[in-house]
1. Filter the range 87-112 for residues that are in contact (Cβ under 8 Å) with a residue 12 or more places away in the chain and not in a loop (DSSP other than H, G, I, E, B) and give the result.
2. Kindly establish whether P252 is more than 18 Å from P139 (Cβ to Cβ) and crowded, with 21+ Cβ neighbours inside 10 Å.
3. With the requirement that a residue be in a loop (DSSP other than H, G, I, E, B), open to solvent by 20 Å² or more (accessible area, probe 1.4 Å) and modelled with pLDDT of 95 or more, what does the range 23-34 give you?
4. Among the listed residues S48, S14, S41, which satisfies the condition of being within 30 Å of D240 (Cα to Cα), in contact (Cβ under 8 Å) with a residue 60 or more places away in the chain and in contact with an Asp or Glu (Cβ under 8 Å, 6 or more places away or on another chain)?
5. Hey, among the residues in the range 53-81 that are in contact (Cβ under 8 Å) with a residue 60 or more places away in the chain and aliphatic (A, V, I, L, M), which one's most open to solvent (accessible area, probe 1.4 Å)?
6. Please enumerate the residues belonging to the range 142-189 that are in a strand (DSSP E or B), aliphatic (A, V, I, L, M) and open to solvent by 30 Å² or more (accessible area, probe 1.4 Å).
7. Could you please let me know if M257 is surrounded by fewer than 21 Cβ atoms within 10 Å (Cβ to Cβ) and in contact with a Gly (Cβ under 6 Å, 6 or more places away or on another chain)?
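The values are calculated or read from the model by the stated rules, or taken from the named source; none is laboratory data. Just so you know, these numbers come straight off a predicted model, no measurement behind them. Here the Cβ is made from the backbone with ideal geometry for all residues, glycine too, and neighbour counts use every protein chain on show. Surface accessibility is based on the protein's heavy atoms, side chains included, excluding ligands, DNA and RNA. Shrake-Rupley method; radii C 1.70, N 1.55, O 1.52, S 1.80 Å.
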Amino acid sequence: MEYVDVAVIGGGQSGLAAARALRQHGITPVVLEASERAAGSWPRYYDSLTLFSPARYSALPGLPFGGDPQRYPHRDEVVDYLLRYAARLDAQIRTGCRVDEVSCRGDGEGFWVTLADGSRLGARAVVAATGGFGCPRRPALEGLESFTGTVLHVAQYRGPEPFAGQRVVVVGAGNSAVQVAAELAGHARVSLASRAPVKWFKQRPLAGKDLHFWLQVTGLDIAPLGRFQRAPATMAVIDDGRYRAALAAGAPDRRPMFAAVEGAKVIWQDGPAEEVDTIVLATGYRPDLGYLGRLGALDAQGRPRHRDGIAHAQPGLAYVGLEWQRSLSSASLRGVGRDADRIARRLAAHLARR
């Protein structure tokens with residue numbers, strides 16, 4: 001049986017930041033990543049995805065992004081960056097290691113971590129770093145399960161070409177919903193359906209400076225507001241003007257959320273029923289933390305019980321990368337390192353006491 005100090009579950013941006021922070025505090029972690037490379041969910045995002053934060057605000061601790069600091073990196077640049085980051089870490093990263101379950105050891109010395117292949121290891125502490133974007137959220141919409149067209153979550157979307165000439169409805173009002181709807185509108189007839197109008201943030205609101213500059217200057221980026229978040233909030237769309245212009249021009253058009261789906265038709269609240277080919281759910285994600293179910297670490301909705309990333313009732317269990325874990329930036333490349341350092345200090349103290 002193998003025993004380790006800390007098992008870090010997840011080898012994306014959250015797990016890599018956690019591994020570095022633990023090493024900085026004298027702890028030797030083992031990172032367990034389910035996929036074949038340490039890049040998290042980034043390789044699976046849609047092809048045109050571009051960060052809405054400049055490169056200078058999109059780096060993990062210890063390694064600048066490189067290149068023009070004012071540019072907005074593409075998805076593939078982020079993947080390459082994370083792979084470079086992983087290669088430089090003084091930590092053991094095991095790919096192809098999916099964790100099925102974490103349970104308490106009977107001797108009170110930590111946890112058992114059981115892998116999908118049936119093997120397991122003992123860990124004095126565990127960091128759940130699978131982040132807040134591992135489980136696509138599919139809302140309960142009346143009649144959606146019986147829709148005879150195609151339903152997919154934005155997690156399954158790659159590009160607009162397969163939808164050419166179709167009638168498409170994109171559900172959502174966040175960044176991904178607006179960006180995907182606008183991209184699809186160049187190939188298909190697209191409506192953006194949401195329960196509330198889209199909210200906007202200017203990408204460069206003052207003095208030509210990016211929004212993230214002002215978030216840092218004002219301290220809003222790191223303010224400990226996460227403990228006041230009781231439910232996921234729809235974030236305003238960060239826009240340089242093109243997406244707002246696209247909606248204003250009706251490509252896509254924005255409509256109130258449909259009332260129901262019947263067969264191949266969407267029943268609009270503000271108009272007649274209409275046949276639709278594809279419904280794209282850009283409705284966000286939930287944390288992928290099912291492996292913690294047996295610990296009693298999750299509430300009835302599957303959300304972790306924690307404060308600032310430290311589990312309430314399971315000593316030695318911590319989280320990194322949750323949305324609003326502590327602040328606005330907790331689930332981002334720019335902010336995950338701060339939370340990682342905080343939980344690493346807490347875990348170092350916990351292990352020292354034991």
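1. Correct list: R88, Q92, I93, R94, T95, V99, D100, E101, V102, S103, C104, F111.
2. The answer is yes for P252.
3. Answer for the range 23-34, where residues must be in a loop (DSSP other than H, G, I, E, B), open to solvent by 20 Å² or more (accessible area, probe 1.4 Å) and modelled with pLDDT of 95 or more: H25, G26, A34.
4. Numbers: S14 fails: in contact with an Asp or Glu (Cβ under 8 Å, 6 or more places away or on another chain); S41 fails: in contact with an Asp or Glu (Cβ under 8 Å, 6 or more places away or on another chain).
Step by step, each of S48, S14, S41 is checked, and only S48 is within 30 Å of D240 (Cα to Cα), in contact (Cβ under 8 Å) with a residue 60 or more places away in the chain and in contact with an Asp or Glu (Cβ under 8 Å, 6 or more places away or on another chain).
5. A59
6. V151
7. no
For (1) of a type in the set (D, E, K, R); (2) touching a strand residue (DSSP E or B) at 6+ places or on another chain (Cβ under 7 Å); (3) at pLDDT below 95, each residue gets a yes or a no:
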{"site": "P252", "(1), (2), (3)": "no, yes, no"}
{"site": "M257", "(1), (2), (3)": "no, yes, no"}
{"site": "G263", "(1), (2), (3)": "no, no, no"}
{"site": "V280", "(1), (2), (3)": "no, yes, no"}
{"site": "Y285", "(1), (2), (3)": "no, yes, yes"}
{"site": "L292", "(1), (2), (3)": "no, yes, no"}
{"site": "D299", "(1), (2), (3)": "yes, no, yes"}
{"site": "I310", "(1), (2), (3)": "no, yes, no"}
{"site": "V320", "(1), (2), (3)": "no, yes, no"}
